[in-house]
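**Q** One structure follows; several queries about it will come next.
The values are calculated or read from the model by the stated rules, or taken from the named source; none is laboratory data. Remember, predicted model here, so these are calculated numbers, not experimental data. All Cβ positions, glycine included, derive from the backbone under ideal geometry; neighbour counts span all protein chains shown.
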């Protein structure tokens with residue numbers, strides 16, 4: 001299936017609409033009974049100081065300025081230690097200097113941690129870019145005896161998951177059928193049968209058949225799942241595909257498969273990413 | 001992409017629902033989690049998965065829950081340190097001259113530099129804080145109209161699209177027109193002038209001949225009207241609630257269009273737009289196959 005033509009979209013919104021000078025939520029004096037929430041007062045405007053002037057770039061390719069506090073923390077912390085041991089005799093170090101040095105080292109430690117804290121703030125942009133691990137091959141393999149409808153959905157789902165998230169490898173398992181796509185540690189020129197056997201073994205060893213809860217490992221996933229994910233994986237998300245069990249009076253959902261996504265980025269899948277991935281899982285369960 | 005929390009499931013018990021998810025409304029969050037993040041009964045022995053379980057990342061959760069506090073924290077830390085250094089110099093009887101001649105002064109200068117770095121980092125964090133925009137409840141009536149001539153497979157996919165969009169994005173209205181017929185009108189719609197509580201039907205001829213439809217079909221690309229109230233062609237979308245805040249017009253190939261109305265200005269993110277584009281392609285493929293058959 002190749003239902004995915006080239007994708008392009010452009011918002012036809014004038015730039016001044018995206019960044020209005022005045023509050024675009026102001027309404028005129030039209031009186032009507034409606035469910036509209038009352039507009040907040042203009043205090044939000046007054047609080048919006050233009051601090052964007054403080055943002056800058058050094059223009060060094062590959063260097064992200066949000067990590068600057070960390071490097072300054074390392075540098076100044078080292079200089080403080082140097083100053084303490086080499087700048088004066090240990091006998092002549094005054095209590096005042098010690099206080100300053102303790103405060104300085106605390107600040108240096110805090111500066112080193114700052115970029116890590118900033119990663120979890122709303123509006124923070126991902127710093128790192130997805131890299132492809134060494135020794136991986138790009139593959140696309142599917143079980144051979146899948147019905148056409150499910151085959152199309154698996155192809156579409158694997159494509160959209162790799163395209164719209166930071167994942168570099170996807171493995172979808174639905175009632176014994178496998179679809180693997182992306183960059184995996186496979187040998188060159190492996191046949192479809194060999195690849196399918198390779199992935200089937202991975203799934204069996206990981207015992208993910210009856211998974212009912214979402215598993216998300218945002219970092220160092222390859223240390224816990226060496227045999228399951230490509231080498232160099234940092235983030236791993238396993239989203240179960242559940243089917244409502246009609247016979248079960250309690251309404252418990254029966255696991256029929258899972259979607260596995262791996263990425264070389266840490267904290268690769270945001271809440272919204274995980275929501276969309278769960279939506280794709282729900283799409284696949286309808287095909288079962 | 002928005003910063004997210006480190007989502008965790010502790011053991012095999014229920015999803016941790018008390019972590020506030022800042023992107024969605026609370027009602028949507030609850031409904032979405034109950035549908036998509038399905039909870040199994042708390043019975044560890046019911047699953048055969050015995051592998052590693054994710055650990056709770058308390059720091060990431062705390063930062064996400066206290067976003068405003070964390071943003072200003074470096075400013076307070078830096079300012080307090082700055083005053084502490086000056087106070088230390090004052091009470092120690094050191095001359096108020098910050099030269100690098102003495103070990104004390106060098107240490108003070110380095111600490112001042114670190115304090116200023118922290119203050120600037122805090123100010124930069126404040127500058128990247130997303131502007132919060134109020135949600136506007138749609139003014140209209142709920143409706144659910146499907147083209148029953150379509151097979152079950154197509155209808156299931158249409159309803160999946162609606163459930164996904166309404167749970168994950170700010171979508172409150174969805175209209176899908178394909179091959180000059182309205183195959184889906186669901187969510188909030190404008191109330192008809194007769195006042196009988198019925199929703200306004202989609203006038204297909206008017207829509208197809210209008211500039212909105214023509215423009216999208218001509219470009220073949222998604223169109224995002226982030227603030228619908230400023231768009232002159234808003235009158236062509238009279239079937240949507242009058243206070244719809246944002247609209248995405250997604251072409252479905254060259255035969256149809258999906259009109260997605262949202263309740264927040266600029267409520268659809270770049271990620272949402274990308275997902276909607278791909279969903280539009282899938283819908284086009286499905287509807288093309290099944291509309292030809294029916």
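Here's the yes/no breakdown for (1) in a helix (DSSP H, G or I); (2) surrounded by fewer than 21 Cβ atoms within 10 Å (Cβ to Cβ); (3) touching a helix residue (DSSP H, G or I) at 6+ places or on another chain (Cβ under 9 Å):
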{"residue": "B:187", "(1), (2), (3)": "no, no, yes"}
{"residue": "B:194", "(1), (2), (3)": "no, yes, no"}
{"residue": "B:201", "(1), (2), (3)": "no, yes, no"}
{"residue": "B:234", "(1), (2), (3)": "yes, yes, yes"}
{"residue": "B:251", "(1), (2), (3)": "no, no, yes"}
{"residue": "B:290", "(1), (2), (3)": "yes, yes, yes"}
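**Q** Condition first: surrounded by fewer than 16 Cβ atoms within 10 Å (Cβ to Cβ), closer than 29 Å to residue A:275 by Cβ and either within 10 Å of chain A (Cβ to nearest Cβ) or at pLDDT below 90 (or both). Can you find one or more residues in the stretch B:270-287 that meet it?
**A** yes
**Q** Restricting to the stretch A:191-221, give me the number of residues that are in contact with a strand residue (DSSP E or B) (Cβ under 8 Å, 6 or more places away or on another chain), more than 7 Å from chain B (Cβ to nearest Cβ) and surrounded by fewer than 18 Cβ atoms within 10 Å (Cβ to Cβ).
**A** Residues flagged as in contact with a strand residue (DSSP E or B) (Cβ under 8 Å, 6 or more places away or on another chain), more than 7 Å from chain B (Cβ to nearest Cβ) and surrounded by fewer than 18 Cβ atoms within 10 Å (Cβ to Cβ) within the stretch A:191-221 amount to 3.
**Q** With A:158, A:106 as the choices, which residue is within 14 Å of chain B (Cβ to nearest Cβ), buried (at least 20 other Cβ atoms within 10 Å of the Cβ) and outside any loop (DSSP other than H, G, I, E, B)?
**A** A:158
**Q** Here's another thing I want to ask about it. Restricting to the stretch B:139-156, and then to whatever is away from every other protein chain (no Cβ under 12 Å) and surrounded by fewer than 17 Cβ atoms within 10 Å (Cβ to Cβ), can you tell me which residue is nearest to residue B:64 (Cα to Cα)?
**A** Restricting to residues being away from every other protein chain (no Cβ under 12 Å) and surrounded by fewer than 17 Cβ atoms within 10 Å (Cβ to Cβ), the top hit is B:142.
**Q** Could you tell me whether any residue of the stretch B:161-169 is modelled with pLDDT of 90 or more, on the phi > 0 side of the Ramachandran plot and more than 7 Å from chain A (Cβ to nearest Cβ)?
**A** no
**Q** Moving to a separate point now. Out of the stretch A:198-210, which residues are within 20 Å of residue A:230 (Cβ to Cβ) and assigned to a loop (DSSP other than H, G, I, E, B)?
**A** Listed by number, the residues that qualify are A:207, A:208.
**Q** Please work out if residue A:36 is surrounded by fewer than 13 Cβ atoms within 10 Å (Cβ to Cβ) and either closer than 27 Å to residue B:67 by Cα or modelled with pLDDT under 65 (or both).
**A** When the stated conditions are applied, residue A:36 does not pass them.
**Q** Please enumerate the residues belonging to the stretch B:253-267 that are under 11 Å from the mean Cα position of the chain (by Cα) and at the interface with chain A (Cβ under 9 Å from one of its Cβ atoms).
**A** B:266
**Q** Report yes if residue A:123 is surrounded by fewer than 18 Cβ atoms within 10 Å (Cβ to Cβ), modelled with pLDDT under 85, over 14 Å from residue A:266 (Cα atoms) and more than 9 Å from chain B (Cβ to nearest Cβ), otherwise no.
**A** The answer is no for residue A:123.
**Q** Take the residues in the stretch B:220-247 that are over 25 Å from residue B:197 (Cβ atoms) and more than 9 Å from chain A (Cβ to nearest Cβ); name whichever of them is nearest to the chain's Cα centre (by Cα).
**A** My answer is B:246.
**Q** Sticking with this structure for a sec: Out of B:136, B:124, I need the residue that is under 17 Å from the mean Cα position of the chain (by Cα) and within 14 Å of chain A (Cβ to nearest Cβ). Which one?
**A** Selected residue: B:136, the only one of B:136, B:124 that is under 17 Å from the mean Cα position of the chain (by Cα) and within 14 Å of chain A (Cβ to nearest Cβ).
**Q** Restricting to the stretch A:258-281, name every residue that is within 22 Å of residue A:184 (Cα to Cα) and in a helix (DSSP H, G or I).
**A** The answer is A:273, A:274, A:277, A:280, A:281.
**Q** Hey, residue B:59 hits all of (1) within 32 Å of the chain's Cα centre (by Cα); (2) at pLDDT below 55 but one; which does it fall short on?
**A** (2)
**Q** Among the residues of the stretch B:224-247, which ones are in contact (Cβ under 8 Å) with a residue 40 or more places away in the chain and touching a strand residue (DSSP E or B) at 6+ places or on another chain (Cβ under 7 Å)?
**A** Listed by number, the residues that qualify are B:224, B:226, B:239, B:240, B:241, B:244, B:245, B:246.
**Q** Yes or no: residue A:231 more than 9 Å from every other protein chain (Cβ to nearest Cβ), surrounded by fewer than 22 Cβ atoms within 10 Å (Cβ to Cβ), part of a loop (DSSP other than H, G, I, E, B) and out of contact with any strand residue (DSSP E or B) (no Cβ under 6 Å at 6 or more places or on another chain)?
**A** Criteria met by residue A:231.
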